[in-house]
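Engineer: Structure in structure tokens, see below.
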Amino acid sequence: MEKIKLGISTCLLGENVRYDGGHKLDRFLTDTLGQYVEYVPVCPEVECGLPVPRESMHLEGDPDFPRLVTTRTKQDMTDRLVKWAQRRVAQLEEEGLCGFIFKSNSPSSGMERIKVYNEKGMPVKKGVGMFARIFMEHFPLLPVEDEGRLHDPKLRDNFIERIFALKRWREVLGRKESRGNVVDFHARHKLLILSHSPKHYQTMGKLVAKAKDLPLTELYQKYQTLLMESLYAKTSPRKNANVLQHMMGYFKEQLSSDEKQELLEVIENYRKEYIPLIVPITLINHYVRKYDQPYLREQVYLNPHPLELQLRNHV
Ligand code: SF4
């Protein structure tokens, strides 16, 4: 697979672009995820023409429509940043991004819970950074996260699963349009979708079943929207345990009663959060190879992203 293109707030790559002349290098993003990703850096404040170092800024006014204002001299930077951001998101369309990682807590780049100050100088954490808002409105289906939230293993797992899935979907989009390509993609992603959202699993199954009744463009658009929505829903030990038990059904004939018992115990221990997901997944992968189970062998759920990222190793 080619590298995945992700937008990122420039300071997270270690570039000295912050208002104080510093950076916010995140080693997981550069050294670990960076092996699989080509980053497209975006620093709203520097790219809209402000110097380094510069006066710090914050959001103020109505939390739904805040202004971006310098903290000491009270210069209003809103129009300047908005005009630049509208041009920049149009350029970013050409990049084929599969997601964006924002810098948390920034009045320009933060994606949620950004402080907005009222006229008395009191903050409420209800704002969205000026550029982040315009980006998310322009690309509503793209996976986005901030580096702070990515320290949570579950959110990290979810985000990385989504960017890898979108990259695979983009590869389908890069081929000649055909119903067969959508059906094939869906067949390989069924259990991954089920682990996130049983409701979407049903809806998408029905959509694919009547693929030949729909115009191709409509099929692609509907499928893409449902795919991104489904993977946005969080997995849980209960949902994953259901998928694992479902997979176990494919080995009914081959597993000995001891092997069945062991697999059931491993799944149950995972469901109770005593052991990480990688344990039952490894055992099932072992049986998939041993018994050469063709349907499961193709399931992305068993290998949704590189093992080296260690995303399923937490409880
Ligand atoms: S948070 Fe955003 S605006 Fe601030 S330095 Fe980082 S990339 Fe630039």
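The values are calculated or read from the model by the stated rules, or taken from the named source; none is laboratory data. Quick caveat, the model's predicted, so the values are computed rather than measured. Note that each Cβ is placed from the backbone with ideal geometry, even for glycine, and that neighbours are counted across all protein chains shown. Heads up: the accessible areas ignore ligands, DNA and RNA and are worked out on the full protein's heavy atoms, side chains in. Shrake-Rupley method; radii C 1.70, N 1.55, O 1.52, S 1.80 Å.
Engineer: Can you name every residue in region 161-185 that is surrounded by fewer than 21 Cβ atoms within 10 Å (Cβ to Cβ), among the small types (Gly, Ala, Ser) and in a helix (DSSP H, G or I)?
Structural biologist: Hit for region 161-185 is Gly180, nothing else.
Engineer: Can you tell which of Val182, Val128, Val208 is β-branched (Val, Ile, Thr), under 28 Å from Leu29 (Cα atoms) and modelled with pLDDT of 95 or more?
Structural biologist: Values: Val182 fails: under 28 Å from Leu29 (Cα atoms); Val208 fails: under 28 Å from Leu29 (Cα atoms).
Answer to the selection: Val128.
Engineer: Continuing with the same structure: Quickly run through region 27-47 and pick out the residues that are of a type in the set (Asp, Glu) and without any contact (Cβ under 8 Å) to a residue 60 or more places away in the chain.
Structural biologist: Step one: of region 27-47, the residues of a type in the set (Asp, Glu) are 31, 38, 45, 47.
Across region 27-47, the qualifying residues are Asp31, Glu38, Glu47.
Engineer: Next question, about the same structure. Please enumerate the residues belonging to region 280-299 that are part of a helix (DSSP H, G or I) and open to solvent by less than 60 Å² (accessible area, probe 1.4 Å).
Structural biologist: Keep residues of region 280-299 that are part of a helix (DSSP H, G or I), which gives 280-291, 294-297.
Correct list: Pro280, Ile281, Leu283, Ile284, Asn285, Tyr287, Val288, Tyr291, Leu296.
Engineer: Which of the residues belonging to region 92-123 are surrounded by fewer than 22 Cβ atoms within 10 Å (Cβ to Cβ) and not in a loop (DSSP other than H, G, I, E, B)?
Structural biologist: Leu92, Glu93, Glu94, Glu95, Lys115, Tyr117, Pro123, listed by residue number.
Engineer: When you scan region 137-160, do you find a residue that is open to solvent by less than 70 Å² (accessible area, probe 1.4 Å), of a type in the set (Gly, Ala, Ser), outside any strand (DSSP E or B) and touching a Pro at 6+ places or on another chain (Cβ under 9 Å), even just one?
Structural biologist: no
Engineer: In addition: Taking only pairs six or more apart or across chains, which ones have beta-carbon atoms under 8 Å, a first residue in region 289-315 that is closer than 11 Å to Leu191 by Cα, and a second residue that is surrounded by 15 or more Cβ atoms within 10 Å (Cβ to Cβ) and β-branched (Val, Ile, Thr)?
Structural biologist: Leu296/Ile284; Leu296/Val288; Tyr301/Val243; Leu302/Ile281; Leu302/Ile284; Leu302/Val288
Engineer: May I pose another question? Quick check on this structure: which one of Lys239, Lys222 is open to solvent by less than 50 Å² (accessible area, probe 1.4 Å), in contact (Cβ under 8 Å) with a residue 12 or more places away in the chain, assigned to a helix (DSSP H, G or I) and of a type in the set (Lys, Arg)? Write out each step before concluding.
Structural biologist: Working: Lys222 fails: open to solvent by less than 50 Å² (accessible area, probe 1.4 Å).
So the residue among Lys239, Lys222 that is open to solvent by less than 50 Å² (accessible area, probe 1.4 Å), in contact (Cβ under 8 Å) with a residue 12 or more places away in the chain, assigned to a helix (DSSP H, G or I) and of a type in the set (Lys, Arg) is Lys239.
Engineer: Would you mind stating whether Glu15 is open to solvent by 60 Å² or more (accessible area, probe 1.4 Å), of a type in the set (Asp, Glu) and either in contact with an Asp or Glu (Cβ under 9 Å, 6 or more places away or on another chain) or near the ligand (Cβ under 9 Å from one of its atoms) (or both)?
Structural biologist: Details: open to solvent by 60 Å² or more (accessible area, probe 1.4 Å): yes; of a type in the set (Asp, Glu): yes; either in contact with an Asp or Glu (Cβ under 9 Å, 6 or more places away or on another chain) or near the ligand (Cβ under 9 Å from one of its atoms) (or both): yes.
Spelling it out, Glu15 is indeed open to solvent by 60 Å² or more (accessible area, probe 1.4 Å), of a type in the set (Asp, Glu) and either in contact with an Asp or Glu (Cβ under 9 Å, 6 or more places away or on another chain) or near the ligand (Cβ under 9 Å from one of its atoms) (or both).
Engineer: Can you name the residue in region 27-48 that is within 20 Å of the chain's Cα centre (by Cα) and among the charged types (D, E, K, R) and, of all such residues, is surrounded by the most Cβ atoms within 10 Å (Cβ to Cβ)? Steps first, please.
Structural biologist: Just the residues of region 27-48 that are within 20 Å of the chain's Cα centre (by Cα), to begin with: 27-42.
In the following step, the residues that additionally are among the charged types (D, E, K, R) were identified as 27, 31, 38.
Working: Arg27: 10, Asp31: 10, Glu38: 13.
Among residues in region 27-48 that are within 20 Å of the chain's Cα centre (by Cα) and among the charged types (D, E, K, R), the one surrounded by the most Cβ atoms within 10 Å (Cβ to Cβ) is Glu38.
Engineer: Let me ask another. Could you please give the count of residues in region 49-82 that are under 27 Å from the mean Cα position of the chain (by Cα) and either over 20 Å from Glu112 (Cβ atoms) or open to solvent by 80 Å² or more (accessible area, probe 1.4 Å) (or both)?
Structural biologist: Counting residues in region 49-82 that are under 27 Å from the mean Cα position of the chain (by Cα) and either over 20 Å from Glu112 (Cβ atoms) or open to solvent by 80 Å² or more (accessible area, probe 1.4 Å) (or both) gives 2.
Engineer: If we only count strands (runs of 3 or more DSSP E) wholly inside region 3-90, which ones have 1 or more residues that are out of contact with any strand residue (DSSP E or B) (no Cβ under 9 Å at 6 or more places or on another chain) and farther than 19 Å from Pro107 by Cβ?
Structural biologist: Numbers: elements: 4-9, 37-42, 57-60, 67-70.
In region 3-90, no matching strands (runs of 3 or more DSSP E) lie anywhere.
Engineer: Right, another one. Among the residues of region 94-115, are any more than 16 Å from the ligand (Cβ to nearest atom) and without any contact (Cβ under 8 Å) to a residue 24 or more places away in the chain?
Structural biologist: Among the residues of region 94-115, at least one is more than 16 Å from the ligand (Cβ to nearest atom) and without any contact (Cβ under 8 Å) to a residue 24 or more places away in the chain, which makes the answer yes.
Engineer: Also, I was wondering about something else. For Lys24, which of the numbered conditions (1) near the ligand (Cβ under 10 Å from one of its atoms); (2) open to solvent by 40 Å² or more (accessible area, probe 1.4 Å); (3) without any contact (Cβ under 8 Å) to a residue 40 or more places away in the chain; (4) within 30 Å of Gln310 (Cβ to Cβ) fails to hold?
Structural biologist: Against the list (1) near the ligand (Cβ under 10 Å from one of its atoms); (2) open to solvent by 40 Å² or more (accessible area, probe 1.4 Å); (3) without any contact (Cβ under 8 Å) to a residue 40 or more places away in the chain; (4) within 30 Å of Gln310 (Cβ to Cβ), Lys24 comes up short only on (3).
Engineer: Go through (1) under 19 Å from the mean Cα position of the chain (by Cα); (2) open to solvent by less than 10 Å² (accessible area, probe 1.4 Å) and name the single condition Met204 misses.
Structural biologist: Status for Met204: all satisfied but (1).
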